[in-house]
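Read the figures in this text as sums done on the coordinates, not as results from a lab. Here the structure is a predicted model, which means the values were calculated and not measured. Don't worry about glycine lacking a Cβ; one is built from the backbone with ideal geometry, like all the others, and counts go over all protein chains shown.
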Amino acid sequence: MQTTLNILALTHSDKTSKDISAFLDGVDGVVANVQLQEGGIVLPGEDGLPDVLLYEVVDPSSAELVLLENFVAATRGKTIVLAIGRSSDTDLLRRLMRAGVRDVIPSPLVRQELVTTCTQLLSDKRIKMEDANGAIHAVCAFMDAKGGIGGTTIAVNVAAVLAHDRKVKTCLIDFDIGFGSCAHMLDLKPTSFVTDAIQQADRLDVVFLKALMTEHDSGLHVLASPANPASAADQLRPEVVQKIIGLAAEIYDVVIVDVPRITAPWAMEALRVSSRGFVVMQNTLAVIRDVKILLDYMPHVGIDMHKIELINNRAMAKSQSVSIEQLKQTLGRDRIHRVRNDYHSALAAADQGIPVYKVESGGELLEDVRHLANSIWQTHEPVASGRSSFLARLFNHRKATPN
Ligand SMILES: Nc1ncnc2c1ncn2[C@@H]1O[C@H](COP(=O)(O)OP(=O)(O)OP(=O)(O)O)[C@@H](O)[C@H]1O
Ligand SMILES: [Mg+2]
């Protein structure tokens, strides 16, 4: 079931009603019920509370504000109240803030502002629901749909870009115990490995885990794989994977996990506890077949498919035999990330053991990796650093970090 943000908009003017309907029309996951209220406000009862009450304030009598205040108290934060009003009226803004209104959207409405606010709230709702499903914030797992498709290249470079460009506290966990190449791609010489964490899982805590990390000059911390096929992962227990990822999420703002394509319970656990799971694929029939098998399997092991996204790697390569539209149709997805084929940058980075941002004239690979990193940071930034609302910004008052 797709997460939907239900908005009840109570307006006093025809123009605001029309603007809300037009601006939110077609915004994925946002459903707005717009009601023009000419004869005073009637707030919804406990049944069928919306996620968001969007309330237009024109000239609020104190009775109206008391009603809003009561509504906030009665719904105990289940419904977020946003006001639409004149942002230049600081007295009104203060009163709204005291009444428990989360934010004020300046009127007349601007499409981008309204859409950004709503999509942000939708994303917050998704995160909350992931929490309820046992997912851990800010954890992105990457799994290949077939060997050698580029999952590690993308995971390593997204992690390095987050740490380097955005200065995000990021770690990269390489669960490809037999053949992992994350450390190698970054020319690191680790002296401790993910297997140390696995073998001593009972005494693992945040201090110990941090000590096992190898630091890259981008600021990225890597929990490296020993790349030793003899260190069989067969015995790895899902609880241990969950513990390692959970502790990492306590230390870092974003945790990137490179998961080999194995359907063993421990590998599936890495996807299950992640807040976003990326299946890396290529646009050829053989790979698409495997993507389908993998996607069909995941729900059977408790993976919430709404957080599973696809990345079409080496996009636009000559070898790609299926159009992107056919691909979306076949896989039943309306959105697939794209990382273009960029042999020059990929080869230069791999040969020198450097992230693509260090490759001269980075190219399309870097551009697409940065795009992905941005998408990841946009989802997690509010969780990592707290979000400042219009009211909070105005009154220099930071809200508590939603968590
Ligand atoms: N977008 C791209 N453009 C060009 N070459 C790429 C791209 N992405 C990855 N490659 C190249 O593809 C090869 C395989 O990449 P990588 O090792 O990341 O794959 P993998 O799927 O993680 O492999 P494994 O199955 O061993 O885990 C590497 O040589 C890499 O440089
Ligand atoms: Mg790999």
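Things worth noting here:
- Top of LEU310, LEU366, LEU204 by mean-square fluctuation, Gaussian network on the chain, Cα under 10 Å: LEU204
- In this simple spin-label model, placing a label point 7 Å from the Cα along the Cα-to-Cβ direction at both VAL42 and GLN112 gives a separation of 3.8 nm.
- Between the amide H of ARG314 and those of VAL339, ASN341, distances stay under 5 Å, these residues lying 5 or more places away or on another chain, with hydrogens modeled in the peptide plane.
- For the chain: relative contact order, % (alpha-carbon pairs under 8 angstrom, 6 or more apart): 15 percent
- Counted over the chain, the DSSP beta bridges are approximately 5% antiparallel.
- Counting only lysines at least 8 places from LYS167 when in the same chain, those with an alpha carbon closer than 27 Å to its own are LYS125, LYS128, LYS189, LYS210, LYS243, LYS307, LYS358, LYS399.
- Taken along the Cα-to-beta-carbon direction at a fixed 7 Å, the label points for LYS210 and GLN326 span 5.2 nm.
- Structure-based [θ]222 nm, the chain - -39500 (n - 2.57) summed over DSSP H runs of at least 4, per residue, nearest 500: -12500 deg cm²/dmol
- Taking Lys and Arg as +1 and Asp and Glu as -1, the other residues whose beta-carbon sits under 15 Å from that of LEU365 total -2.
- Applying a DSSP loop filter and a limit of 12 other Cβ atoms within 10 Å to the GluC sites (Glu not before Pro) in the stretch 1-102 leaves GLU38, GLU46.
- Once exposed loop chymotrypsin sites (Phe, Trp or Tyr not before Pro) are cut out (DSSP; at most 16 other Cβ, 10 Å), longest piece of the chain: 180-394
- Additional length obtainable on full extension of the chain from THR191 to ASN70, 0.36 nm per residue less Cα span: 37.6 nm
- Prolate/oblate/rounded call for the stretch 5-130, Cα gyration tensor, a/c under 1.5 rounded: rounded
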